[in-house]
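Take a look at the structure below.
The values are calculated or read from the model by the stated rules, or taken from the named source; none is laboratory data. Since the model is a prediction, treat every value here as computed from it, not as a measurement. No Cβ is skipped: glycine too gets one built from the backbone with ideal geometry, and neighbour counts run over all protein chains shown. SASA here: full protein model, heavy atoms, side chains in, ligands and nucleic acids out. Shrake-Rupley method; radii C 1.70, N 1.55, O 1.52, S 1.80 Å.
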Amino acid sequence: SGTYIATPATAAAGIAGLEEMTKEALDRINALGESLATDLRRILADLEIKAQVTGYGSLHRIHWTPQPITHAAAALDQNMDLCDLFHKLMLAKGMFVTKRGMYAISTPMTPAEIDRAVSATAETLAELKPIIEKIAPQLIG
């Protein structure tokens, strides 16, 4: 539709990104993503919040449902108010997690960025827990 027509800077950035995306870089960011997912699950368990973490490699997501996500439709059955609150609270901590709760790991990231994201997530979930108890008590326990 013309969004990227005649934008050589965008094309150059895309080429540079592809040149950096080696097998080693992919393996590294995928390992960071799996580490993040493990920590997210641990935080949720420690706080006794029954949300789900799904994803693969460098992309992971929190779903505000106690039900395991076994198919695409199951991912739609969640509390969207919590998605919005979580997104905004994370932004206030300087962390961008999409409105639907997705984390994306990119090549410049290191374990330090993952640790910051995990800390911000732990703080945010602890802040949200009293709200979750009121608006979605099925997620507590």
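When the stretch 10-44 is filtered for residues that are within 28 Å of residue 119 (Cα to Cα) and among the hydroxyl-bearing types (Ser, Thr, Tyr), the ones remaining, listed by number, are 35, 38.
Residue under question is residue 141, and the condition is that it be in contact with a Pro (Cβ under 9 Å, 6 or more places away or on another chain) and not acidic (Asp, Glu); does it hold?
Numbers: in contact with a Pro (Cβ under 9 Å, 6 or more places away or on another chain): yes; not acidic (Asp, Glu): yes.
It is true that residue 141 is in contact with a Pro (Cβ under 9 Å, 6 or more places away or on another chain) and not acidic (Asp, Glu).
Filtered by the rule that a residue be charged (D, E, K, R) and open to solvent by less than 60 Å² (accessible area, probe 1.4 Å), the stretch 123-133 gives a lone residue, 129.
Kindly indicate whether residue 67 is modelled with pLDDT under 95 and surrounded by 14 or more Cβ atoms within 10 Å (Cβ to Cβ). In short, no.
Filter the stretch 27-45 for residues that are open to solvent by less than 50 Å² (accessible area, probe 1.4 Å) and either in a strand (DSSP E or B) or out of contact with any Gly (no Cβ under 8 Å at 6 or more places or on another chain) (or both) and give the result. Spell out the reasoning first.
If we filter the stretch 27-45 for residues that are open to solvent by less than 50 Å² (accessible area, probe 1.4 Å), which is where we start, we get 29-30, 32-33, 36-37, 39-40, 43-44.
Residues satisfying the conditions are 32, 36, 39, 40, 43, 44.
For the stretch 51-64, a residue qualifies if it is closer than 18 Å to residue 85 by Cβ, open to solvent by 10 Å² or more (accessible area, probe 1.4 Å) and either out of contact with any strand residue (DSSP E or B) (no Cβ under 6 Å at 6 or more places or on another chain) or without any contact (Cβ under 8 Å) to a residue 24 or more places away in the chain (or both), and the qualifying residues are 52, 53.
Looking only at the stretch 84-122, which residues are open to solvent by 20 Å² or more (accessible area, probe 1.4 Å), among the hydroxyl-bearing types (Ser, Thr, Tyr) and outside any helix (DSSP H, G or I)? So that I can check it myself, show each step before the final result.
At the first step, the residues of the stretch 84-122 found to be open to solvent by 20 Å² or more (accessible area, probe 1.4 Å) are 84-85, 88-89, 91-96, 98-100, 102, 104, 106-113, 115-116, 119, 122.
Those still in the list that are among the hydroxyl-bearing types (Ser, Thr, Tyr) too: 98, 106-107, 110, 119.
98, 106, 107, 110, listed by residue number.
The lone criterion from (1) part of a helix (DSSP H, G or I); (2) at pLDDT 95 or above; (3) open to solvent by 50 Å² or more (accessible area, probe 1.4 Å); (4) of a type outside the set (A, V, I, L, M, F, W, C) left unmet by residue 81 is number (2). Exactly one residue among 48, 20, 24 is farther than 23 Å from residue 134 by Cα, in contact (Cβ under 8 Å) with a residue 12 or more places away in the chain, charged (D, E, K, R) and open to solvent by 60 Å² or more (accessible area, probe 1.4 Å), and that residue is 20.
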